[in-house]
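Worksheet for the structure shown next.
Every read-out reported here was derived from the displayed coordinates using simple, explicitly stated rules and does not represent laboratory data. Note that this is a predicted model, so its numbers are computed, not measured. With ideal geometry, Cβ positions are generated from the backbone for all residues, glycine too; neighbour counts draw on all protein chains shown.
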Amino acid sequence: MFDYTTIHWVTFLVAAVLLNLSPGPDIAFILGQTLRNGRQHGFAAMFGIWTGAALHVAMAAVGLSAILATSALAFSIVKWVGAAYLMWLGIRMLLSRGDSFVPGEGVRHQRLHSIYWQGVLVCTLNPKVAVFFLAFLPQFVVEGAGSPGAQLLLHGSLIIVVAALIEPPLVMMGSKLGVFLRQNRRVGLWMDRGLGVVFVALGARLAASTR
């Protein structure tokens, strides 16, 4: 049960770290709340995002394991949609101007529980998050290492654990980070470039995979 090689774990953990560093609505929401309203609101936003991510992981573990086991056509559809999305995301990062990590303006000061639920909705109602999990997690399912559902749940949960190591420091340093990236667009540019290469490679790997 859950018998993986060292290479498997290294590959997964590197990908999980890069995934949690990738720019998107979740990071923008967390940093935006931190920059505008302080650390407490940043943490409330972060916990909301984690809750939404946990819901996506549970749905992927239950639904995708059934798809993998019963329907070759459904597997192919999910695979190609997921591969196309990953590669599109990677190409968009490669073509960006390095401003993906700069949050937008206009969020009002609100109560902590309101920010939390907004974070849940930002993550849960974003279909790209669901598609990403459906595309990302199956690449780390190993035949004979356990049931597909259990493996998906394990790896999805570990992504949230990695987030718990990465995102709190981002909240603590949110104000300084925002100022730094605004003043140093070249850093943001190369972060986007590196992540873009990774996502394009993951998309190509998924497209080449078989059921």
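How big is D, in µm² s⁻¹, for the range 12-56 by Stokes-Einstein at 25 °C and 0.890 mPa s if Rh is the Kirkwood radius over C-alpha pairs? Calculated translational D: 222 µm²/s. Neighbours of Ala54 by Cβ distance under 15 Å: Lys/Arg scored +1, Asp/Glu scored -1, total -2.
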